[in-house]
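Notes for the one structure printed next.
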Amino acid sequence: PYDDKITQLNLRLNATYLAYGAEGQEYKTNQMVQDQNALKYSTANVADRAVFKSSANYSNEKWDLVDAYKRDKKILIRERENMPDSLKQLSRDELENEIQQLAQERESINQEIRELGEKRRAYLEAETEKDTAKTENSLGASILKALREQAKKKGFVIE
(Lines give C-alpha, C1' and ligand atoms only; values in the text may rest on other atoms or scores of the structure.)
Protein backbone atom coordinates (compact mmCIF):
# COMPACT_ATOMS: atom_id res chain seq x y z
CA PRO A 1 0.00 0.00 0.00
CA TYR A 2 3.00 2.34 0.19
CA ASP A 3 4.51 1.83 -3.26
CA ASP A 4 2.52 4.52 -5.10
CA LYS A 5 3.28 7.20 -2.52
CA ILE A 6 6.98 6.28 -2.50
CA THR A 7 6.99 6.42 -6.31
CA GLN A 8 5.48 9.93 -6.22
CA LEU A 9 8.07 11.02 -3.67
CA ASN A 10 10.80 9.61 -5.89
CA LEU A 11 9.69 11.96 -8.69
CA ARG A 12 9.90 14.91 -6.29
CA LEU A 13 13.30 13.69 -5.12
CA ASN A 14 14.62 13.64 -8.70
CA ALA A 15 13.68 17.32 -9.05
CA THR A 16 16.19 18.20 -6.29
CA TYR A 17 19.23 17.15 -8.34
CA LEU A 18 21.29 19.90 -10.02
CA ALA A 19 23.49 18.48 -12.75
CA TYR A 20 26.87 20.10 -13.35
CA GLY A 21 30.06 19.26 -15.20
CA ALA A 22 30.69 17.95 -18.67
CA GLU A 23 28.72 14.75 -18.06
CA GLY A 24 26.30 15.96 -15.38
CA GLN A 25 23.18 16.04 -17.54
CA GLU A 26 24.04 12.61 -18.93
CA TYR A 27 24.21 11.16 -15.40
CA LYS A 28 20.97 12.86 -14.40
CA THR A 29 19.27 11.47 -17.50
CA ASN A 30 20.65 8.03 -16.66
CA GLN A 31 19.21 8.31 -13.15
CA MET A 32 15.76 8.94 -14.64
CA VAL A 33 16.19 6.12 -17.17
CA GLN A 34 17.05 3.71 -14.34
CA ASP A 35 13.91 4.80 -12.47
CA GLN A 36 11.85 4.19 -15.62
CA ASN A 37 13.48 0.77 -16.04
CA ALA A 38 12.54 -0.08 -12.47
CA LEU A 39 8.95 1.01 -13.17
CA LYS A 40 8.77 -1.39 -16.13
CA TYR A 41 9.04 -4.24 -13.63
CA SER A 42 6.73 -2.91 -10.92
CA THR A 43 6.01 -0.04 -8.58
CA ALA A 44 7.48 -2.26 -5.86
CA ASN A 45 10.78 -2.18 -7.72
CA VAL A 46 10.62 1.63 -7.93
CA ALA A 47 9.85 1.77 -4.21
CA ASP A 48 12.90 -0.36 -3.43
CA ARG A 49 15.05 1.90 -5.58
CA ALA A 50 13.64 5.06 -3.99
CA VAL A 51 14.29 3.73 -0.49
CA PHE A 52 17.90 3.09 -1.49
CA LYS A 53 18.18 6.55 -3.05
CA SER A 54 16.98 8.06 0.24
CA SER A 55 19.81 6.41 2.17
CA ALA A 56 23.15 7.96 3.06
CA ASN A 57 24.78 5.43 0.72
CA TYR A 58 23.37 7.18 -2.35
CA SER A 59 25.55 10.12 -3.29
CA ASN A 60 26.04 11.76 -6.66
CA GLU A 61 28.68 14.35 -5.87
CA LYS A 62 30.34 13.54 -9.20
CA TRP A 63 27.48 15.19 -11.09
CA ASP A 64 25.01 16.66 -8.58
CA LEU A 65 25.81 20.10 -7.21
CA VAL A 66 23.76 19.56 -4.04
CA ASP A 67 25.75 16.46 -3.01
CA ALA A 68 29.04 18.00 -4.14
CA TYR A 69 28.36 21.19 -2.16
CA LYS A 70 27.79 19.15 1.02
CA ARG A 71 31.27 17.69 0.61
CA ASP A 72 33.09 20.82 -0.55
CA LYS A 73 31.62 24.31 -0.65
CA LYS A 74 34.45 25.52 -2.91
CA ILE A 75 32.86 23.51 -5.71
CA LEU A 76 30.91 26.66 -6.58
CA ILE A 77 34.15 28.43 -7.45
CA ARG A 78 35.95 25.53 -9.15
CA GLU A 79 33.03 24.33 -11.25
CA ARG A 80 31.34 27.64 -12.10
CA GLU A 81 32.21 27.29 -15.80
CA ASN A 82 30.81 23.75 -15.89
CA MET A 83 27.39 24.72 -14.60
CA PRO A 84 24.29 25.16 -16.75
CA ASP A 85 23.69 28.73 -17.92
CA SER A 86 20.69 29.02 -15.60
CA LEU A 87 23.05 28.57 -12.63
CA LYS A 88 25.96 30.59 -14.02
CA GLN A 89 23.87 33.74 -14.06
CA LEU A 90 23.11 33.49 -10.33
CA SER A 91 25.27 35.30 -7.80
CA ARG A 92 27.21 33.09 -5.41
CA ASP A 93 24.73 33.88 -2.61
CA GLU A 94 21.77 33.09 -4.85
CA LEU A 95 23.39 29.83 -5.92
CA GLU A 96 24.16 28.86 -2.33
CA ASN A 97 20.57 29.65 -1.32
CA GLU A 98 19.24 27.55 -4.21
CA ILE A 99 21.47 24.62 -3.26
CA GLN A 100 20.60 24.86 0.44
CA GLN A 101 16.89 25.02 -0.37
CA LEU A 102 17.17 21.93 -2.58
CA ALA A 103 19.21 20.14 0.10
CA GLN A 104 16.52 20.83 2.72
CA GLU A 105 13.76 19.74 0.36
CA ARG A 106 15.72 16.59 -0.51
CA GLU A 107 16.28 15.74 3.15
CA SER A 108 12.59 16.21 3.89
CA ILE A 109 11.62 13.95 0.97
CA ASN A 110 14.28 11.40 1.92
CA GLN A 111 12.98 11.30 5.49
CA GLU A 112 9.44 10.70 4.26
CA ILE A 113 10.62 7.95 1.90
CA ARG A 114 12.60 6.28 4.72
CA GLU A 115 9.56 6.39 7.04
CA LEU A 116 7.27 4.95 4.38
CA GLY A 117 9.97 2.43 3.47
CA GLU A 118 10.06 1.20 7.07
CA LYS A 119 6.25 0.91 7.16
CA ARG A 120 6.40 -0.91 3.82
CA ARG A 121 9.03 -3.34 5.13
CA ALA A 122 6.93 -4.08 8.24
CA TYR A 123 3.82 -4.59 6.09
CA LEU A 124 5.64 -6.97 3.74
CA GLU A 125 7.02 -8.97 6.68
CA ALA A 126 3.52 -9.29 8.16
CA GLU A 127 2.11 -10.41 4.81
CA THR A 128 4.91 -12.95 4.42
CA GLU A 129 4.13 -14.35 7.87
CA LYS A 130 0.44 -14.62 6.94
CA ASP A 131 1.35 -16.42 3.72
CA THR A 132 3.66 -18.77 5.61
CA ALA A 133 0.90 -19.56 8.10
CA LYS A 134 -1.53 -20.24 5.24
CA THR A 135 1.00 -22.50 3.55
CA GLU A 136 1.57 -24.46 6.75
CA ASN A 137 -2.19 -25.11 6.95
CA SER A 138 -2.62 -25.93 3.28
CA LEU A 139 -3.65 -29.28 1.81
CA GLY A 140 -0.14 -29.85 0.46
CA ALA A 141 1.41 -29.22 3.87
CA SER A 142 -1.11 -31.57 5.50
CA ILE A 143 -0.35 -34.33 2.99
CA LEU A 144 3.41 -33.92 3.53
CA LYS A 145 2.92 -34.04 7.28
CA ALA A 146 0.86 -37.24 7.02
CA LEU A 147 3.44 -38.84 4.72
CA ARG A 148 6.28 -37.96 7.11
CA GLU A 149 4.37 -39.43 10.05
CA GLN A 150 3.70 -42.65 8.13
CA ALA A 151 7.31 -42.87 6.98
CA LYS A 152 8.52 -42.36 10.53
CA LYS A 153 6.25 -45.17 11.79
CA LYS A 154 7.78 -47.48 9.17
CA GLY A 155 11.31 -46.58 10.28
CA PHE A 156 12.28 -44.15 7.55
CA VAL A 157 14.31 -41.09 8.47
CA ILE A 158 13.49 -37.93 6.56
CA GLU A 159 15.83 -34.99 6.89
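Details
- Within segment 1-36, if we keep just the residues that are in a loop (DSSP other than H, G, I, E, B) and not hydroxyl-bearing (Ser, Thr, Tyr), the residue that is farthest from the chain's Cα centre (by Cα) turns out to be ALA22.
- Whichever residue in segment 45-74 is surrounded by fewer than 20 Cβ atoms within 10 Å (Cβ to Cβ) and of a type in the set (A, V, I, L, M, F, W, C) and, among such residues, is nearest to the chain's Cα centre (by Cα): PHE52
- Sole residue being assigned to a helix (DSSP H, G or I) and either touching a Gly at 6+ places or on another chain (Cβ under 8 Å) or modelled with pLDDT under 95 (or both), chosen from LEU102, LEU39: LEU39
- For segment 19-52, filtered to residues that are among the β-branched types (Val, Ile, Thr) and without any contact (Cβ under 8 Å) to a residue 12 or more places away in the chain, the residue that is farthest from ARG80 (Cα to Cα) is VAL33.
- Qualifying positions in segment 75-101 - among the acidic types (Asp, Glu) and crowded, with 16+ Cβ neighbours inside 10 Å: GLU79, GLU98
- Restricted to helices (runs of 4 or more DSSP H) entirely inside segment 47-98, those with at least 1 residues that are at negative phi and either of a type in the set (S, T, N, Q) or touching a Cys at 6+ places or on another chain (Cβ under 6 Å) (or both) are 85-88.
- Test: residue in segment 1-17 that is at pLDDT below 95 and in contact with an Asp or Glu (Cβ under 7 Å, 6 or more places away or on another chain): no
- Selected residue (only one of LEU65, LEU124, LEU116, LEU90 is among the hydrophobic types (A, V, I, L, M, F, W, C), touching a Phe, Trp or Tyr at 6+ places or on another chain (Cβ under 7 Å) and more than 18 Å from LYS28 (Cα to Cα)): LEU116
The values are calculated or read from the model by the stated rules, or taken from the named source; none is laboratory data. What you are looking at is a predicted structure, and each value in this text was computed from that prediction instead of being measured. Quick reminder, even Gly has a Cβ in these numbers, built from the backbone with ideal geometry, and neighbours come from all protein chains shown.
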